[in-house]
Amino acid sequence: MIEEASRPGSPFLIVGWSPDGGEVGWRVLDYLNKHLSARELNEIEPLGFFSLGGVQVKNNIIHFPQSKFYFVEGKNLIFFKSSQPGSKGYEFLNRVLDVARRFNVQGVYTIGGLVSMMAHTEERRMTAVFNNPELKKSLAAYDLEMDLDYQGAPSMSGFLLWAARNRNIAAVSCWVNIPFYFAEGVDPKADKTVLSLLNRRFALNMDLRELDQAIEKQDEEMLRIRENNLEVDRYITKLERNWGLTQEEAGKLVQEISKFVT
Amino acid sequence: MGRKYKIFKKPETHDPYLIAAWPGIGNIGLLAVNYLKNGLGAEEFGEIEPWHFFFPKTISTEKGILQGMDFPASKFYYKKAERDLIIFLGEAQPGEEDVIYEIANSVLDVAEEFGCKRVYTAGAAVAPIHHTVKPRVWAVPNKKSLLEEVKGYRNTIVMSDLGEREGRGNITGLNGVLLGVARKRNLEGICLLGEIPMYIAHFPGPYTIMYPKASQSVLEALGYGLRIRIDTGDIKALADSVERKVEALYGSLPSEIREELDKLKHVGYVQPTEPGPITEEEKEKILKEVEEFFKKGEKYD
């Protein structure tokens, strides 16, 4: 548990879920935890919220649901890195908001990947949805698409925004678009876009050069794939020209890229 | 456990019965109870707060601001009639056992708040019957003292009438759990399950249909139990329309599958009639063949 003396005063809470497109939420939080030397604060026990009849094995490793809070001394930030609960979502989200209340959180930021029909060579854009117009105003100077009209399937972040509004806690969900063929892998460009926003918003002064190297490496890899596989090159070119792809073409592209990119 | 329901108005009820339904196979119970609610002109008076139990169905945003979320509705209605009724309709059933138990308790909390002593649920019984046969209703009470009463309902049978079952069975989901919890609270409970032909119940995804023919049977049994008259004209018309679709689908099946299924016209539980009911082995074979047929997407469009 966090010592009273080192408790952040009116911090912001940043939330990332798994699963997520390109696992952006967790990757961003891992980066923040590592570069800001965050300390573990607390956790939500999985019982009642996750299926515990067994464990998942992915890439030869056993996975187990986790829902942990971290805090960064001197930066007024709390992070919540969590698996998406499979049951009693509202109760789970209220546990998260109980922590937010307890620490008198000023606002909640959720981070997520928005899987999009786009080429990896395009610029990553961020979209934000708010539960509070004042919070929207306060982020007007940032490079965010802020006027989304949408009706459709909700996400855990959307549910959190709704639950937070019920408790008068300001919240925003930030989505970075990710090329659909990176959805099951990683997208360092998306990670960097989000981290750049957080860097600026919370004056974190984090060094993002590590991500530049990862981007360069992935770009080289993609170039090599395009040179060696004309079908992949043709599909990506079509995306770059905004011609779109058929479902079959998109499926093939995912299949081909997944052989190389993890 | 805090209260997870809202009551908008407090109807004066006298010794009401609760009738509850959720989606399920063929939506038999939901169709029947919704029809009853509409036919009687029952008024909404409360709801289970669905966010405690369900993930939202949709979210809407305008100019980047969250407007609202829609959840599967779980609503209470009442009607003062010869027998006062409380009707509960749920748009979704939760998957997790503890959530099912919690919803069952919330529904019964409301029922008891209004003096309810008896509960009915309605759903589907997957049976080896043919779609041209009038579906019967399996009536399952939660107390021995109700057995004689339900045997007197129209077109009903009890589990022990089902030959090999010896009075045993399993009612999945809220239709069963609600009555189990009712028994725990010493409330009377009766589950009415309308028969649906096994091959229709097993139609895969895109071919899934509702089965109002069984809903009609459930309504008739329910009307008898509640001692109220229910005009089933509209649901019969709906059942006839669905039957024409089933006939078209049936006609598109290969003749060898149809011949197997035709045997079901002669199935009787209490006294098997010639040429005799199909065996378990034949049942498995038919279901497999029907499934294979749909997988291939032959003929039917």
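The values are calculated or read from the model by the stated rules, or taken from the named source; none is laboratory data. Everything numeric here is computed off the predicted structure, so don't read it as measured data. FYI the Cβ positions are ideal-geometry reconstructions off the backbone, even for glycines, and counts take in every protein chain you see.
Could you tell me which of the residues B:9, B:57 is within 25 Å of residue B:113 (Cα to Cα) and touching a strand residue (DSSP E or B) at 6+ places or on another chain (Cβ under 9 Å)?
So the residue among B:9, B:57 that is within 25 Å of residue B:113 (Cα to Cα) and touching a strand residue (DSSP E or B) at 6+ places or on another chain (Cβ under 9 Å) is B:9.
Out of curiosity, is residue A:69 free of Cβ contacts under 8 Å to residues at least 40 places away in the same chain, surrounded by 21 or more Cβ atoms within 10 Å (Cβ to Cβ) and part of a strand (DSSP E or B)?
Yes, satisfied.
Of the residues that sit in the stretch B:75-112 and are among the hydroxyl-bearing types (Ser, Thr, Tyr) and under 20 Å from residue B:228 (Cα atoms), which one is farthest from the chain's Cα centre (by Cα)?
Result: B:78.
Do we find that residue A:99 is more than 12 Å from every other protein chain (Cβ to nearest Cβ) and either among the basic types (Lys, Arg) or closer than 24 Å to residue A:68 by Cβ (or both) in this structure?
Yes; evaluated as a whole, the condition is true for this residue.
For (1) more than 29 Å from residue A:257 (Cβ to Cβ); (2) modelled with pLDDT of 95 or more, each residue gets a yes or a no:
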position: A:14; (1), (2): yes, yes
position: A:23; (1), (2): no, no
position: A:32; (1), (2): no, yes
position: A:49; (1), (2): yes, no
position: A:53; (1), (2): yes, no
position: A:59; (1), (2): no, no
position: A:62; (1), (2): no, no
position: A:67; (1), (2): yes, yes
position: A:70; (1), (2): yes, yes
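Checking residue A:14 against (1) farther than 21 Å from residue A:197 by Cα; (2) among the hydrophobic types (A, V, I, L, M, F, W, C); (3) touching a strand residue (DSSP E or B) at 6+ places or on another chain (Cβ under 9 Å), which test does it fail?
(1)
Looking at the stretch B:127-142, which of the residues that are in contact with a Leu (Cβ under 9 Å, 6 or more places away or on another chain) and closer than 21 Å to residue B:222 by Cα is farthest from the other protein chains (Cβ to nearest Cβ)?
Looking at residues that are in contact with a Leu (Cβ under 9 Å, 6 or more places away or on another chain) and closer than 21 Å to residue B:222 by Cα, I get B:133.
With respect to residue A:94, determine if the residue is at pLDDT 95 or above, touching a Leu at 6+ places or on another chain (Cβ under 9 Å), under 29 Å from residue A:50 (Cα atoms) and of a type outside the set (A, V, I, L, M).
Considered against the rule, which asks whether it is at pLDDT 95 or above, touching a Leu at 6+ places or on another chain (Cβ under 9 Å), under 29 Å from residue A:50 (Cα atoms) and of a type outside the set (A, V, I, L, M), residue A:94 comes out as no.
Looking at (1) modelled with pLDDT under 95; (2) crowded, with 21+ Cβ neighbours inside 10 Å; (3) over 16 Å from residue B:51 (Cα atoms), which is the only condition residue A:74 fails?
The single condition residue A:74 does not satisfy is (2).
Given B:232, B:172, which one is touching a helix residue (DSSP H, G or I) at 6+ places or on another chain (Cβ under 8 Å), modelled with pLDDT under 95 and hydroxyl-bearing (Ser, Thr, Tyr)?
B:232
Confirm whether residue A:239 is at pLDDT below 95 and not assigned by TED's automatic domain parsing to the domain that holds residue A:115.
It is false that residue A:239 is at pLDDT below 95 and not assigned by TED's automatic domain parsing to the domain that holds residue A:115.
Tell me which residues, restricted to the stretch A:229-251, are surrounded by 13 or more Cβ atoms within 10 Å (Cβ to Cβ) and either in contact with a helix residue (DSSP H, G or I) (Cβ under 7 Å, 6 or more places away or on another chain) or among the aliphatic types (A, V, I, L, M) (or both).
Passing the criteria: A:229, A:232, A:233, A:235, A:236, A:239, A:245, A:249, A:250.
Of the numbered conditions (1) aliphatic (A, V, I, L, M); (2) surrounded by fewer than 16 Cβ atoms within 10 Å (Cβ to Cβ); (3) within 9 Å of chain A (Cβ to nearest Cβ), residue B:66 fails exactly one; give the number of that condition.
(2)
Return yes or no: is residue B:196 touching a residue at least 24 places away in the same chain (Cβ under 8 Å), under 28 Å from residue B:40 (Cβ atoms) and assigned to a loop (DSSP other than H, G, I, E, B)?
No; evaluated as a whole, the condition is false for this residue.
Do any strands (runs of 3 or more DSSP E) entirely within the stretch A:120-228 hold 3 or more residues that are surrounded by fewer than 18 Cβ atoms within 10 Å (Cβ to Cβ), within 14 Å of chain B (Cβ to nearest Cβ) and in contact with a strand residue (DSSP E or B) (Cβ under 9 Å, 6 or more places away or on another chain), and if so, which?
Counting at least 3 such residues, we get A:150-152.
Sort out which residues of the stretch B:30-63 are closer than 28 Å to residue A:154 by Cα, more than 8 Å from chain A (Cβ to nearest Cβ) and among the charged types (D, E, K, R), and write them in order of number.
B:44, B:47, B:49, listed by residue number.
Taking the condition of being under 24 Å from residue A:21 (Cα atoms) and in a loop (DSSP other than H, G, I, E, B), how many residues in the stretch A:81-119 meet it?
Matching residues across the stretch A:81-119 total 8.
Farther than 28 Å from residue A:146 by Cβ and without any contact (Cβ under 8 Å) to a residue 40 or more places away in the chain: does that describe residue A:165?
For residue A:165, the condition - farther than 28 Å from residue A:146 by Cβ and without any contact (Cβ under 8 Å) to a residue 40 or more places away in the chain - is not met.
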